[in-house]
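Presented below is the structure to which this report refers.
The values are calculated or read from the model by the stated rules, or taken from the named source; none is laboratory data. These numbers were taken from a predicted model, which means no experiment stands behind them. Cβ placement follows ideal geometry from the backbone for every residue including glycine, while neighbour counts extend to all protein chains displayed. Note: accessible area is taken over every heavy atom of the protein model, side chains too, but ligands, DNA and RNA are not part of it. Shrake-Rupley method; radii C 1.70, N 1.55, O 1.52, S 1.80 Å.
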Amino acid sequence: MNIANDIKEKLHEIDWDFTGSSATKGIHSIHPYPAKFIPEIPRTILDALPVPEGTAVLDPFCGSGTTLVEAQSKGYPTVGVDLNPIACLISKVKTNTLPSDFVNIAEECIGRAKKNNNEINKEIPNVNHWFKVDIQHAISVLVSEIDKVEHETTRNGLRLALSSIIVRVSNQESDTRYAAIEKNVTKENVFSYFLVACQKLSQYLGENLFENKLSTQIINKSILEVTPSDIKKPIGMVITSPPYPNAYEYWLYHKYRMWWLGYDPNEVKTSEIGARAHYFKKNHQTIDDFKLQIDNVMELLTKVVVSSGYICFVVGRSIIHGQHYDNSKIIEDLALKHNLSVVAIIDRNIAKHRKSFNLSHAKIKKETLLILQKM
Ligand SMILES: C[S@@+](CC[C@H](N)C(=O)[O-])C[C@H]1O[C@@H](n2cnc3c(N)ncnc32)[C@H](O)[C@@H]1O
């Protein structure tokens with residue numbers, strides 16, 4: 001049997017459902033993110049397919065960095081791109097180590113924040129509906145004190161810890177339910193939850209935990225604006241799950257985290273591929289807009305991926321105005337247009353507990369793993 005057939009057979013023998021696995025264990029539990037990979041998906045792809053010598057692993061929609069962490073733990077340098085600044089913050093923190101005095105620095109920030117009587121310095125729409133005034137003050141002074149920390153990796157870790165507790169200290173019912181409810185949260189809780197989040201980060205990312213200190217490049221831009229020269233390493237493997245029409249809304253999920261950390265969620269919404277907002281307003285986007293967006297992504301990938309490198313997509317189906325679309329077929333057709341060879345197309349069952357704002361989308365139970373190769 002030749003090597004290509006051997007690889008195909010191996011891919012089809014794997015049980016890609018990974019029943020019972022979780023996307024929120026260990027290091028992947030440090031911050032919530034919608035539609036995360038379960039780590040077994042990138043891990044198993046990296047075990048099954050060869051990564052050409054001297055190349056890096058790219059995730060052009062890196063989200064919370066699952067592919068990057070898995071690739072890094074196997075010794076590969078990585079490149080991640082995401083439009084969402086919270087995604088990039090999570091990915092940066094997860095792929096770096098924190099200093100051994102990280103928790104002490106967090107305690108110092110809390111000490112300074114408690115003495116800081118400055119007024120709330122952020123203009124956030126509808127803020128009083130979602131946050132009690134004393135909670136707003138605690139978050140505001142913590143952000144100010146964190147942003148004074150000079151060491152970038154430490155500052156990112158502190159910002160991420162704060163981001164991870166924002167929904168908990170708000171009036172928002174849960175990460176996936178936008179209803180304001182009465183919660184028994186005090187200003188003191190903001191500081192204590194923040195400290196616990198920092199301790200957890202330090203436990204997973206403290207110094208000496210990584211054997212391989214490998215380089216990671218995280219690009220916070222729309223993939224449609226990324227040029228080949230932005231990607232600083234030759235790419236031998238792409239593992240990604242792209243956003244697709246009318247499924248998740250990453251900007252909405254992180255809306256208040258972005259406001260508090262000084263980003264504008266409306267800018268993110270405008271460029272977010274697939275966001276439901278673009279499919280329901282007047283003059284809404286159609287599946288053809290998605291085809292064009294993925295066509296542009298393929299164009300970029302074929303330029304940065306080395307010969308014989310693999311490009312792996314995990315993608316679900318879409319329902320737009322009641323009509324079903326098979327996004328994996330769209331990607332397959334575009335792959336052929338870009339002269340990529342189709343190595344395998346495998347359906348997998350999605351775990352039942354995956355939650356989404358979009359209830360009709362939550363009924364979709366399958367997604368497809370599409371493995372392509374540049375010849
Ligand atoms: C399915 S999620 C990726 C999740 C990731 N695999 C993980 O494990 O966390 C898709 C990602 O695409 C990002 N995205 C949407 N539009 C984008 C664009 N125009 N450019 C780059 N990233 C975009 C979203 O912010 C989201 O993080």
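Averaging the Cα positions of each part gives two centres, and for the stretch 251-301 and the stretch 302-338 these lie 18 Å apart. With protein chains left intact and a 1.4 Å probe, residues in the chain average 44 Å² of accessible area per residue. Ranked by solvent-accessible area (1.4 Å probe, protein heavy atoms only, all chains present), the residues D17, D82 order from largest to smallest as D17, D82. Beta bridges per DSSP, both residues in the chain: antiparallel share near 55 percent. When the solvent-accessible area of the chain is split by element, carbon and sulfur atoms take up 48 percent of it, the probe being 1.4 Å.
Check Q217: other-chain or 5+ apart residues with amide H under 5 Å from its amide H, H built from backbone geometry? Here the answer is T78, V79, G80, since their amide H atoms fall under 5 Å of that of Q217.
When the alpha-carbon atoms of the stretch 199-321 are used, the pair Rg, Dmax equals 17.5, 53 angstrom.
I'd like to compare 236-247, 167-178, 67-78, 336-347: which one has the highest average count of other Cβ atoms within 10 Å, and what's the full order after that? Spell out each step's value before the answer.
On the way: 236-247: 24.2, 167-178: 16.5, 67-78: 22.4, 336-347: 14.2.
Ranked from most to least packed, the peptides come out as 236-247, 67-78, 167-178, 336-347.
The helix-only estimate of mean residue ellipticity at 222 nm for the chain, built from DSSP H runs of length n ≥ 4 each weighted as -39500 (n - 2.57), is -13000 deg cm²/dmol after division by the residue total. Looking at the square roots a ≥ b ≥ c of the eigenvalues of the Cα gyration tensor of the stretch 260-336, which shape do they give, rounded for a/c under 1.5, prolate if a/b is larger than b/c, or oblate? Oblate.
Enumerate by residue number the trypsin sites (Lys or Arg not before Pro) in the stretch 242-301 meeting two conditions: DSSP loop (anything except H, G, I, E, B), and at most 15 other Cβ atoms within 10 Å of the site's Cβ.
For trypsin sites (Lys or Arg not before Pro) across the stretch 242-301 that sit outside H, G, I, E and B with at most 15 neighbouring Cβ atoms in 10 Å, the list reads K281, K282.
Given axes a ≥ b ≥ c from the Cα gyration tensor, I'd like to know whether the stretch 7-83 is rounded (a/c under 1.5), prolate (a/b larger than b/c) or oblate. Here the stretch 7-83 falls in the oblate category. Over the chain, the hull volume per residue, using the convex hull of the C-alpha atoms, is 139 Å³.
Positive-end ranking of M237, F61, C312 along the dipole of the chain, with charges on Cβ about the Cα centre, is headed by F61. For GluC sites (Glu not before Pro), the sites in the stretch 96-146 that DSSP calls loop and that have at most 16 other Cβ atoms within 10 Å are E119, E123.
Note on the stretch 1-160: Cα-Cα pairs beyond 21 Å make up 60% of the total pair count. Over what distance in Å are the Cα centres of the stretch 31-109 and the stretch 136-158 separated? After rounding, the separation between the Cα centres reads 22 Å. Full extension of the chain segment joining T286 with N184 gains 32.4 nm, where the gain is 0.36 nm per residue of separation less the Cα-Cα distance.
Where does each of D6, D230 land when they are ordered by accessible area, with a 1.4 Å probe and the largest first?
Most to least solvent-accessible, the answer reads D6, D230.
According to the Cα-based calculation, Rg over Rh for the stretch 102-171 is 0.96, with Rh computed by the Kirkwood formula.
Excluding same-chain neighbours fewer than eight residues apart, the lysines reachable from K25 by a Cα-Cα span under 26 Å are K36, K74, K92, K94, K200, K213, K255, K352, K355, K363, K365, K366. On a 0 to 90 degree scale, rounded to 10, what angle separates helix 133-146 from the longest Cα axis of the chain? Taking Cα atoms only, the helix is inclined about 70 degrees. Sequence-distant or interchain residues sharing an amide H contact under 5 Å with I235, placed H: which? Result for I235 returns A56, V306.
Summing Cβ point charges (Lys, Arg +1; Asp, Glu -1) relative to the Cα centre of the chain gives a dipole of roughly 700 debye.
With the cut-off at 1.5 for a/c, could you classify the stretch 32-123 from its C-alpha gyration tensor as rounded, prolate or oblate?
Details: a/c = 3.17, a/b = 2.16, b/c = 1.46.
Prolate shape, in that a/c is at least 1.5 and a/b is the bigger ratio.
Farthest toward the dipole's positive end in the stretch 3-46, which of P34, G20, A4, given Cβ charges of +1 (Lys, Arg) and -1 (Asp, Glu) about the Cα centre? Of the listed residues, the answer is P34. Of the GluC sites (Glu not before Pro) found in the stretch 183-261, those in coil by DSSP whose Cβ has at most 13 other Cβ atoms within 10 Å are E207, E211. Placing +1 on the Cβ of each Lys and Arg and -1 on the Cβ of each Asp and Glu in the chain, which of I371, V226, S164 has its Cα farthest towards the positive end of the resulting dipole? Positive-end residue among those listed: S164.
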